[in-house]
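S.K.: First the structure, which I've put down as structure tokens, then a few questions once you've had a look.
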Amino acid sequence: DGQDSEDPKQSTADMTVFVQNLLQQMQGRFQTMSESIVTKIDEMGSRINELEQSINDLRAEMGAEGSPSPLAPLEKPDEVKPEDVST
């Protein structure tokens, strides 16, 4: 009978250890994924900066420093063009 009373405690202890190990593994995996995501974001930021620099270099070579940026809108969306107004 004395051994039967130890089984639930041992089972609970085993389950606690199992859950702690599982949580530690999950935490390690999430940490690895998080670091990987941050690294990829940093790489993308660097690539974007390089792309912007290449675009600026090309524009300079073409002598287009004074022209508007190709990413800038040509006109404001709230402006009404005369051909859009119906009378």
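S.K.: Once ligands and nucleic acids are excluded and a 1.4 Å probe is used, how much of Lys40 is accessible, expressed in Å² to the nearest 10?
M.R.: Here the residue's solvent-accessible area equals roughly 120 Å².
S.K.: Could you compute how much accessible surface Leu51 exposes when probed at 1.4 Å, giving the result in Å² to the nearest 10?
M.R.: 110
S.K.: Can you tell me the length gained on complete extension of the stretch Thr39 to Ala60, counting 0.36 nm per residue apart and subtracting the Cα distance?
M.R.: Answer, rounded to one decimal: 4.4 nm.
S.K.: Please work out how much accessible surface Ile48 shows to a 1.4 Å probe, ignoring ligands, DNA and RNA, in Å² rounded to 10.
M.R.: Result for Ile48: roughly 90 Å² accessible.
S.K.: Using label points projected 7 Å from each Cα along Cα→Cβ, tell me how many nm separate Asn49 and Lys9, to one decimal.
M.R.: Distance between label points: 6.0 nm.
S.K.: In whole Hz and in residue order, list the ³J(HN,Hα) couplings for region 47-53 that follow from phi through the Karplus curve 6.51 cos²θ - 1.76 cosθ + 1.60, θ = phi - 60°; x for Gly and Pro.
M.R.: Karplus-based 3J(HN,Hα) across region 47-53 equals 5, 4, 4, 5, 5, 4, 5 Hz.
The values are calculated or read from the model by the stated rules, or taken from the named source; none is laboratory data. Computed from a prediction, not measured in an experiment: that's the story for all the values here. We place every Cβ from the backbone using ideal geometry, glycine too, and count neighbours over all the protein chains shown. In case anyone asks, the SASA skips ligands and DNA or RNA and just uses the protein heavy atoms, side chains included. Shrake-Rupley method; radii C 1.70, N 1.55, O 1.52, S 1.80 Å.
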